[in-house]
1. Examine segment B:60-79 for a residue that is within 14 Å of chain A (Cβ to nearest Cβ), on the phi < 0 side of the Ramachandran plot, assigned to a loop (DSSP other than H, G, I, E, B) and open to solvent by 40 Å² or more (accessible area, probe 1.4 Å), and state whether such a residue exists.
2. If the requirement is being within 30 Å of A:Gly9 (Cβ to Cβ) and hydrophobic (A, V, I, L, M, F, W, C), which of these qualifies: B:Ile47, B:Ile5?
3. Please give the strands (runs of 3 or more DSSP E) falling wholly within segment A:44-87 in which 2 or more residues are of a type in the set (S, T, N, Q), within 14 Å of the chain's Cα centre (by Cα) and modelled with pLDDT of 95 or more.
4. How many residues are acidic (Asp, Glu), surrounded by 12 or more Cβ atoms within 10 Å (Cβ to Cβ) and more than 13 Å from A:Thr86 (Cα to Cα) if we restrict to segment A:20-59?
5. Consider segment B:92-111. How many of its residues are in a strand (DSSP E or B), within 15 Å of B:Ala19 (Cα to Cα) and open to solvent by less than 10 Å² (accessible area, probe 1.4 Å)?
6. Step by step: first the residues of segment B:34-52, then only those that are small (Gly, Ala, Ser) and in contact with a strand residue (DSSP E or B) (Cβ under 7 Å, 6 or more places away or on another chain), then the one that is least open to solvent (accessible area, probe 1.4 Å). Which residue is that?
7. For the list (1) more than 10 Å from chain B (Cβ to nearest Cβ); (2) of a type outside the set (Ser, Thr, Tyr); (3) open to solvent by 10 Å² or more (accessible area, probe 1.4 Å), I need the number of the one condition that A:Leu74 fails.
8. Can you tell me how many residues within segment B:1-33 are in a strand (DSSP E or B), within 21 Å of A:Gln38 (Cβ to Cβ) and either open to solvent by 20 Å² or more (accessible area, probe 1.4 Å) or at pLDDT below 95 (or both)?
Amino acid sequence: QKEVEQNSGPLSVPEGAIASLNCTYSDRGSQSFFWYRQYSGKSPELIMFIYSNGDKEDGRFTAQLNKASQYVSLLIRDSQPSDSATYLCAVTGNQFYFGTGTSLTVIP
Amino acid sequence: AAGVIQSPRHLIKEKRETATLKCYPIPRHDTVYWYQQGPGQDPQFLISFYEKMQSDKGSIPDRFSAQQFSDYHSELNMSSLELGDSALYFCASSLRNPTGELFFGEGSRLTVL
């Protein structure tokens, strides 16, 4: 079992809709949770980080963390075609673990 | 703001050759990570350094070695290259604390022919 699990997708949503990306992790001692966006052939770019249970909002992005369920999600509101990318969930334990990524396509 | 600098951006090598990738972390960051990412794959952790000492080791082949120098830059040395080593190699840096986010360089694309 991988440390971090994500649905690989692909996930397709129409422009303007809400995209929901989900991630589970295995280490209950994990302390920090990150969402990275990666365009093809480019380096991962930090979108959001969250440390405490609950929701954290930044513009069109909302990260949700539930440590009891070992679950972290990313909501993208008013999705735009430029949001089309692979989204990587990352969790810090002893190392910095990445999920396999979810491919998102926003259809104009 | 200064970012993580990697060089070279592109590298083409023959099988069994050697290659060296360089990484210059964000100033004052004390931890450097190396990742390998094959096509359609998530980044695979290779190795990390904290204050110039190796801190964690991931799926780094024995043919690879890395070190961090006194100026905090890091080099990844790859020998006896194989076709399967063709990938994007990312360096990332952070401030070492439990919540430190990683900032990535633009990557070095290695092609082994």
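1. no
2. Only one candidate qualifies: B:Ile47.
3. Qualifying strands (runs of 3 or more DSSP E): A:61-66.
4. 3
5. Residues in segment B:92-111 being in a strand (DSSP E or B), within 15 Å of B:Ala19 (Cα to Cα) and open to solvent by less than 10 Å² (accessible area, probe 1.4 Å): 2 in total.
6. Pass one, segment B:34-52, residues small (Gly, Ala, Ser): B:38, B:40, B:48.
Okay, now just the ones that are also in contact with a strand residue (DSSP E or B) (Cβ under 7 Å, 6 or more places away or on another chain), so B:38, B:48.
Details: B:Gly38: 20, B:Ser48: 1 Å².
Among those that are small (Gly, Ala, Ser) and in contact with a strand residue (DSSP E or B) (Cβ under 7 Å, 6 or more places away or on another chain), it is B:Ser48.
7. Failing condition for A:Leu74: (3).
8. Narrowing segment B:1-33 to residues in a strand (DSSP E or B): B:5-7, B:10-13, B:19-24, B:31-33.
Applying the additional criterion that residues be within 21 Å of A:Gln38 (Cβ to Cβ) yields B:5-7, B:10-11, B:21, B:23, B:31-33.
Then drop every residue that is not either open to solvent by 20 Å² or more (accessible area, probe 1.4 Å) or at pLDDT below 95 (or both), which leaves B:5, B:7, B:10-11, B:31-33.
Residues flagged as in a strand (DSSP E or B), within 21 Å of A:Gln38 (Cβ to Cβ) and either open to solvent by 20 Å² or more (accessible area, probe 1.4 Å) or at pLDDT below 95 (or both) within segment B:1-33 amount to 7.
The values are calculated or read from the model by the stated rules, or taken from the named source; none is laboratory data. These figures come from a predicted structure and were not determined experimentally. Cβ sites come from the backbone with ideal geometry, for glycine too, and all protein chains shown count toward neighbours. Ligands, DNA and RNA are excluded from the accessible area calculation, which covers all protein heavy atoms including side chains. Shrake-Rupley method; radii C 1.70, N 1.55, O 1.52, S 1.80 Å.
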